[in-house]
């Protein structure tokens, strides 16, 4: 049994649980703060979290390279993906509704990841992987539609959510290569610092000057430190031992967490469809984890 791989998959699931708090946390933010600024501030706070961590605590382990060996072209590409993901995700979710928007963005990510892996690495995930992914994605869709969520936006909102899913999948593919070159902490700090530099002027151009209230500060701090900083550090460490495509699929633990939080925090009453969808997601994730442990990809 591959202990490192099991530990890595557990790390992704823990990261997904932290990501699952994003929608609930954002619901506490007053609508005066643009969704673009929520995404940009999230990246800025995450960068502020990573840099002191790398400088004061983290040290490259034996065989790892430090700042001097950072492949900045790869960092720039990953940062651009993360910047687009944050801006598109928060705008798409606000336009389409939290449940539907999250389902489209997160649900499309694994499909994009499987396609990108096939194109990028010439390694096509096996049938068991696709089956588990399909079941999990279908479960996410059932959870979203079965909870009585209404679609609030038009084509633009769906397009933004699909773009977010593609950007996230592309980030995972690029980051997989980065953490093979430098330590995960250095790679993640580099990516999020560059992403923040890209997102801040982007948010200003798209929505003007921010209107920040006291409630926004607490929400952005949670999003930046916990659901971004800690979560993506776990994700980056995990990518050393699991494929990027599988890491994206296991991130479907996020809507599971959001579903549970909606019950415990918001007080929603889940219907039969929601429970069935939850079971489908868990079953699909189990199938993907089994496929990853077998580690037998099909070559094109």
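Remind me, relative contact order of segment 3-299 in percent, using alpha carbon pairs under 8 angstrom and six or more residues apart?
Values: 517 pairs, mean separation 122.2, N = 297.
Relative contact order for segment 3-299 comes out at 41 percent.
Kindly rank 114-126, 85-97, 9-21 from highest to lowest mean number of other beta carbons found within 10 Å of each residue. Each step should come with its number before you reach the end.
Details: 114-126: 17.0, 85-97: 25.3, 9-21: 21.4.
So the order, starting with the most tightly packed, is 85-97, 9-21, 114-126.
Using only C-alpha positions, report the orientation-averaged shadow area of the convex hull of segment 137-247, nm², one decimal.
Numbers: hull surface 36.3 nm².
The orientation-averaged projected area of the Cα hull of segment 137-247 comes to 9.1 nm².
Along each of the three principal axes of the Cα atoms of the chain, give the extent in whole Å, ordering the values from largest to smallest.
48, 43, 32
Quick note: the coordinates plus some simple rules give every number you see, no bench work behind them. No experiment lies behind these values; they were computed from the predicted model shown. Neighbour counts are summed over all protein chains in view; Cβ atoms, including those assigned to glycine, are modelled from backbone coordinates with ideal geometry.
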